[in-house]
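Structure, as C-alpha cells:
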Amino acid sequence: QVQFVESGGGLVQPGGSLRLSCAASGSTLDIYNMGWYRQAPGKQHELVAQVTNGYTTSYTDSVKGRFTISRDNAKNTLYLQMNRLKPEDTAVYYCNAIKQIGGNWLPRFAWGQGTQVTVST
C-alpha cells in the first residue's frame, strides 16, 4: 500500500499560481503512472493531469496550457504547477497512482487528505 501526502494548496486570486506537491511513502513511485485529481464540492473526483512512468504527460482540456505535472522519482514526489488559475479550479486536489481499466484511468490506492485550492477575489 502506498500513502500520499499532498501540500501546497491555499487561497489565490484569479490569474495567480500555486505549486502542489505529493509525497509518497510505502513504495517507490517510479514503477507507477501517476495522476492529479480534484474534487469540487458535490462532485466526483476528476483526473486533471497524468504522467506515465516514462514521463509522458496528458491533461484534461480545461487545464491544458495552464497546469504542468512533473515527477521526481529520486524524491518520490509528484508535482502540479498551476498557472493562470480560475475560480472553477477551486477544489480539493489529490494525487494517486493510476491504472487503466478499459478506457478509464482509475486510482490504485486509498486517497490522502488532499490539499484545498481556492481561487477567489
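Values computed for the structure shown
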{"read-out": "Per-residue SASA entry for Trp111, accessible area with 1.4 Å probe, Å² rounded to 10", "value": "90 Å²"}
{"read-out": "Low-density loop positions, trypsin sites (Lys or Arg not before Pro), region 2-53 - DSSP coil, at most 13 other Cβ in 10 Å", "value": "Lys43"}
{"read-out": "Largest to smallest principal axis extent of the C-alpha atoms in the chain, angstrom", "value": "40, 30, 26"}
{"read-out": "In the chain, lysine pairs with alpha-carbon atoms under 24 angstrom apart (chain gap of 8 or more, or interchain)", "value": "6"}
{"read-out": "Per residue accessible area in Å² of the chain, where ligands, DNA and RNA are left out and the probe is 1.4 Å", "value": "51 Å²"}
{"read-out": "Share of carbon and sulfur in the accessible heavy-atom surface of the chain [1.4 Å probe, %]", "value": "48 percent"}
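The values are calculated or read from the model by the stated rules, or taken from the named source; none is laboratory data. Keep in mind that this is a model prediction, so the values were computed, not measured. For neighbour counting, all protein chains shown are included, and Cβ atoms are generated from backbone atoms with ideal geometry for every residue, glycine included. Ligands, DNA and RNA are excluded from the accessible area calculation, which covers all protein heavy atoms including side chains. Shrake-Rupley method; radii C 1.70, N 1.55, O 1.52, S 1.80 Å.
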